[in-house]
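The values are calculated or read from the model by the stated rules, or taken from the named source; none is laboratory data. On a predicted model such as this, the values are computed, not experimentally measured, just so you know. For neighbour counting, all protein chains shown are included, and Cβ atoms are generated from backbone atoms with ideal geometry for every residue, glycine included.
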Ligand code: NAD
């Protein structure tokens with residue numbers, strides 16, 4: 001079975017880290033028969049400079065037709081006119097693909113415990129996923145805008161809106177995901193003061209009782225979650241929350257992993273009649289203009305995004321585990337890029353060097 005993946009490296013360190021992700025896919029195809037067929041596409045600042053548009057209609061169509069999209073990073077977009085960015089940027093691609101669920105796993109690797117901002121004893125063993133609703137809430141609600149009042153002062157409005165269906169689809173994803181992990185969901189909202197928070201809690205509670213009584217559900221107020229994630233992050237397995245809280249709390253949770261260069265993500269849409277689910281996999285980090293072109297970016301986030309694709313789009317669980325184990329094994333043997341560089345006297349690896357270390361472990365563990 002051919003698995004068609006649109007491959008978009010993008011700008012800055014995007015092409016550098018994605019080159020290592022591609023090597024992992026080539027290895028999987030050659031040694032594990034994964035049958036992943038990559039089609040290259042362009043997007044971002046360089047594309048805009050060349051063609052006058054950061055993304056073509058063909059790329060949007062190809063993304064919608066693909067089984068999955070693997071994306072590097074875009075950046076320096078600020079140069080591109082705002083309207084064009086809105087219509088042809090990453091947000092537009094996510095919208096065109098109907099992506100509403102953003103998954104960000106956070107894992108504290110034993111070998112990197114001294115790189116996290118928390119105490120080792122707090123971070124050790126953390127393994128959680130933040131599932132953020134991506135397509136609704138206050139970032140999209142109407143009315144929105146800024147008006148000038150009679151007294152000459154301005155007034156700005158954003159509107160937080162959620163429908164039952166929007167909450168249901170992301171809550172269902174959270175419960176299903178929990179069943180494949182440790183069976184625990186924490187639903188995060190602010191039901192003590194917000195209408196949308198009350199609706200969120202009602203809908204999640206009802207779905208849990210009707211469909212997922214085998215999963216453990218907790219409701220956590222978002223301010224309490226912000227405290228708990230720093231105090232004792234090990235208590236969480238799957239965390240489901242809205243767009244705004246998810247934006248903030250997934251970044252806070254991410255710091256447990258030690259570096260932006262370690263964090264993969266997935267954005268998923270609704271399955272079609274044939275069961276195919278639109279999906280885009282990308283590192284959490286951006287184009288990192290400060291280190292672009294130097295060959296020192298950490299490719300782990302891009303490589304772990306490949307593992308997420310294997311797991312969520314292709315149900316290739318053993319291959320996903322293999323890639324994740326190879327990353328852990330390479331780190332365990334001291335492989336470090338400069339962002340993770342903590343011991344004195346050891347030369348940090350280049351992007352290519354880190355890719356090589358991981359490929360070596362793939363060969364050793366699953367060749
Ligand atoms: P960034 O993630 O690009 O970089 C933040 C810091 O982390 C930088 O110091 C960078 O060097 C470091 N860093 C990031 N990834 C790294 C890696 N793999 N290895 C080592 N170090 C790494 O965020 P920023 O600097 O705020 O944004 C730069 C550009 O990227 C902006 O134009 C922004 O709009 C864009 N951006 C794009 C995306 C995306 O494509 N999804 C996400 C975030 C930011």
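Per-structure values
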item	result
Test result for residue 318, outside any helix (DSSP H, G or I) and either within 16 Å of the chain's Cα centre (by Cα) or in the same structural domain as residue 78 (by TED's automatic domain parsing) (or both)	no
Subset tally (residues that are away from the ligand (no atom under 16 Å from the Cβ) and in a loop (DSSP other than H, G, I, E, B)) for segment 12-41	3
Answer residue from segment 42-94, given it is closer than 21 Å to residue 289 by Cα and touching a strand residue (DSSP E or B) at 6+ places or on another chain (Cβ under 6 Å) and is farthest from the ligand (Cβ to nearest atom) among those	70
Some residue of segment 265-276 being outside the structural domain of residue 238 (by TED's automatic domain parsing), part of a helix (DSSP H, G or I), surrounded by 22 or more Cβ atoms within 10 Å (Cβ to Cβ) and within 12 Å of the ligand (Cβ to nearest atom)	no
Only listed residue being in contact (Cβ under 8 Å) with a residue 24 or more places away in the chain, over 16 Å from residue 130 (Cβ atoms) and surrounded by 23 or more Cβ atoms within 10 Å (Cβ to Cβ), chosen from 261, 246	261
Hits in segment 225-237 - residues which are outside any loop (DSSP other than H, G, I, E, B) and crowded, with 19+ Cβ neighbours inside 10 Å	225, 229, 233
Positions within segment 208-224 being out of contact with any strand residue (DSSP E or B) (no Cβ under 7 Å at 6 or more places or on another chain), crowded, with 19+ Cβ neighbours inside 10 Å and assigned to a helix (DSSP H, G or I), in sequence order	none
Residues of segment 334-350 satisfying the condition of being more than 13 Å from the ligand (Cβ to nearest atom) and under 16 Å from residue 114 (Cβ atoms)	334, 335, 342, 343, 344, 345, 346
All positions within segment 326-344 that are surrounded by fewer than 19 Cβ atoms within 10 Å (Cβ to Cβ), in a helix (DSSP H, G or I) and in contact with a helix residue (DSSP H, G or I) (Cβ under 6 Å, 6 or more places away or on another chain)	329, 332
Entirely in segment 78-150, the helices (runs of 4 or more DSSP H) that have 1 or more residues that are out of contact with any helix residue (DSSP H, G or I) (no Cβ under 7 Å at 6 or more places or on another chain), surrounded by fewer than 21 Cβ atoms within 10 Å (Cβ to Cβ) and assigned by TED's automatic domain parsing to the domain that holds residue 55	82-88, 90-96
Members of segment 277-296 found to be within 11 Å of the ligand (Cβ to nearest atom), in contact with a strand residue (DSSP E or B) (Cβ under 7 Å, 6 or more places away or on another chain) and assigned to a loop (DSSP other than H, G, I, E, B), listed by number	284, 285, 286, 287, 296
Subset of segment 1-11 (residues that are assigned to a strand (DSSP E or B) and either more than 8 Å from the ligand (Cβ to nearest atom) or surrounded by fewer than 24 Cβ atoms within 10 Å (Cβ to Cβ) (or both))	3, 4, 5, 6, 7, 8, 9
Residue check for residue 254: assigned to a strand (DSSP E or B) and surrounded by 14 or more Cβ atoms within 10 Å (Cβ to Cβ)	no
